[in-house]
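Worksheet: one structure, shown below.
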Amino acid sequence: DKGNHRHFMEKEVYEQPEVISHALGHYVDFASHTVKIETGAIDFANVSSLAISACGTAFLAGSVGKYWFERYARLPVEIDVASEFRYREMPLSPSQAALFISQSGETADTLASLRYCKDNGLKIGAVVNATESTIAREADAIFPILAGPEIGVASTKAFTCQLAVLASLAIGAGRARGTLDAADEKELVRHLTEMPRIMSQVLNLIQPQMESLARDLSKCKDVLYIGRGTSYPLAMEGALKLKEISYIHAEGYAAGELKHGPIALIDENMPVIVIAPHDRFFEKTVSNMQEVAARGGRIIFITDGKGAAASKLPTMATIVLPVVDEIISPMIFSLPIQLLAYHTAVFMGTDVDQPRNLAKSVTVE
Ligand code: F6R
């Protein structure tokens, strides 16, 4: 049932405040602002490193998670797409732990990577939506994302719920490893608990602007997304979402990579979507924006109030989100990315919930 939405995808985008709140309720204590994770078989305090593997959007959630585990828990992370991971013959040791992220819990390459790690004696964690799935069954510890059924082929609420779970796990790992003290934990969890409310506010705020921007995007053949830090995997997720449902060619790049190749593509016909909250990387990303502007490129600037005030560069559009803590910005900045892809696809008249050539669950390699 789509309720009063035109597509499941739209319904699932708007469900996010509710499902994230539900998912967080499982991992954090809203009153004491502490994580309450049962990490079960995974001893985060003593593991030497974490291997993460997944496909598509789940891989990009894991790529955001890498920044969190490394920053908050000082836990080195090795991440790869499952179709490479399973065949790389990477050396592993039982002192490491492994995390597999899958909405369906049935993705063939992710399952094969899991079995490779299991054969090498690693303890396995599964971040899944389908808790009765094969990946969940074969794991030592299950971390449900509690997103509820996701019908739209393009993943939306599963992505942000995966992020919410990974953020909670990284904070829990930080506590276990002594890299976060009680005050740090409280502060980070407080930000997480504020997230559902901010998400609702943002969804209401940006909808009209996303619809009008979609008209402009629908005329483009190519779109570039750039970002730094956790906004880098988000740039790739933005590009993936757009190409999946609107069939417009899009690429996501680390902002610092622009001058190493893609800058050659820039002209007035290829908009550059810059994802840049006012964080530690902001000034660097603005200098990349400058390079785009100097070459006549059109910029769609997704930032926050502070970022909008700090940059004087002309843009095709500036999307201004509330200023939020770094730990929740990937979830908040996912919203304009999802809605921009959605409205562009709707405007172009594609089959949003069933994009061509794609299946919801990929059980063949
Ligand atoms: C993109 C998308 C896919 C899936 C990928 C993994 O919107 O939905 O990229 O994320 O096929 O699927 P799961 O998470 O079921 O393993």
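No lab work stands behind these numbers, since they all come straight from the coordinates. Not measured: the values here are computed from a predicted model. Backbone-built Cβ (ideal geometry, glycine too); neighbour counts: all protein chains shown.
Taking only C-alpha pairs under 8 Å that are 6+ residues apart, what is the relative contact order of the stretch 1-153 in percent? Walk me through the numbers before you get to the answer.
Values: 255 pairs, mean separation 35.4, N = 153.
Result for the stretch 1-153 is 23 percent.
Share of antiparallel DSSP beta bridges in the chain, in percent to the nearest 5? Spell out each step's value before the answer.
On the way: 2 of 41 bridges.
Roughly 5 percent of the DSSP beta bridges within the chain come out antiparallel.
Quickly estimate the mean residue ellipticity at 222 nm for the chain, helices only: each DSSP H run with n ≥ 4 gives -39500 (n - 2.57), and the total goes over all residues, rounded to 500.
Details: 12 runs with 170 residues, N = 365.
Taken over the chain, the calculation gives -15000 deg cm²/dmol.
Give the range of the longest stretch in the chain that excludes all trypsin sites (Lys or Arg not before Pro) found in loop regions by DSSP and having at most 15 other beta-carbon atoms within 10 Å. Show your work: numbers first, answer last.
Working: sites that count: Lys2, Arg6, Lys36, Arg74, Arg88, Lys219, Lys221, Arg280, Arg295, Lys312, Arg356, Lys360.
Maximal segment without exposed cleavage sites: 89-218.
For the stretch 101-140, run through the GluC sites (Glu not before Pro) and keep only the ones in DSSP coil with at most 12 other Cβ atoms within 10 Å of their Cβ.
Values: sites: Glu106, Glu132, Glu138; in loops: Glu106, Glu132.
Here the sparse-neighbourhood loop sites are Glu132.
Across the stretch 328-344, rounded Karplus estimates of 3J(HN,Hα) from the backbone phi angles (6.51 cos²θ - 1.76 cosθ + 1.60, θ = phi - 60°) give 9, 4, x, 6, 5, 6, 5, 5, x, 5, 5, 5, 5, 5, 4, 5, 5 Hz, Gly and Pro being marked x. Spatial offset of the stretch 328-365 relative to the stretch 232-309 amounts to 19 Å, using the alpha carbon center of each.
A crude spin-label estimate for the pair Glu70 and Ile151, with each label 7 Å from Cα along the Cβ direction, gives 4.0 nm. When the pairs Lys221/Lys241; Lys36/Lys123; Lys221/Lys312; Lys284/Lys312; Lys11/Lys360; Lys241/Lys360 are compared against a 22 Å limit on Cα-Cα distance, Lys221/Lys312 fall above it. Distance between the C-alpha centres of the stretch 101-149 and the stretch 199-228: 33 Å, rounded to the whole angstrom.
Just need the relative contact order of the stretch 208-259 here, percent rounded to a whole number, with Cα pairs under 8 Å and 6+ apart. Display every interim value, and only then the final one.
On the way: 66 pairs, mean separation 19.4, N = 52.
This gives 37 percent for the stretch 208-259.
Counting 0.36 nm for each residue step from Asp216 to Asp29 and taking away their Cα separation leaves a gain of 63.0 nm.
Calculate, in nm to one decimal, what Ala112 and Gln207 gain on full extension: separation in residues at 0.36 nm each, minus their alpha carbon distance. Please list the in-between numbers first.
Numbers: separation 95, 0.36 × 95 = 34.20 nm, distance 4.01 nm.
Full extension from Ala112 to Gln207 adds 30.2 nm.
Thr131 label point, 7 Å along Cα→Cβ, cut-off 18 Å on backbone N: hits in the stretch 42-70? Zone members listed by number: 42. When peptides 164-170, 251-257, 271-277 are sorted by average Cβ neighbour count within 10 Å, with the highest value leading, the order is 271-277, 164-170, 251-257.
Taking Gly227, Gly152, Gly349 in turn, the Gaussian network model of the chain (Cα-Cα springs below 10 Å) assigns the largest fluctuation to Gly349. Taken over the chain, the percentage of Cα pairs per 10 Å bin, counting from 0 up to the bin with the maximum distance, is 5, 26, 34, 25, 9, 0. Remark: the Glu138-Leu265 segment gains 41.2 nm on full extension, using 0.36 nm per residue and subtracting the alpha carbon distance. Database remark: amide H of Ala51 closer than 5 angstrom to the amide H of Glu78, Ala97, Ala98, Leu99 (H placed geometrically; neighbours at sequence offset of 5 or more, or on other chains; Pro and chain starts carry no H).
Using the crude model of +1 on Lys and Arg Cβ and -1 on Asp and Glu Cβ, and no other charge, please compute the dipole size for the chain relative to its Cα centre, in debye to 20. Don't skip to the end; give the middle numbers.
On the way: 34 positive and 43 negative charges, 104 e Å.
Here the size comes out at about 500 debye.
Spatially, the stretch 33-73 and the stretch 158-197 are offset by 11 Å when compared through their Cα centroids.
When you restrict to C-alpha pairs under 8 Å that are six or more residues apart and normalise by the size of the stretch 85-157, the relative contact order lands at 28 percent. Projecting the Cα atoms of Ile171, Ser246, Gly40 onto the dipole axis of the chain, where Lys and Arg carry +1 and Asp and Glu carry -1 at the beta carbon, places Ser246 farthest toward the positive end. Gaussian network model of the chain, Cα springs within a sub-10 Å range: biggest mean-square fluctuation belongs to which of Gly261, Gly297, Gly229? Looking only at Gly261, Gly297, Gly229, the largest GNM fluctuation is found for Gly261.
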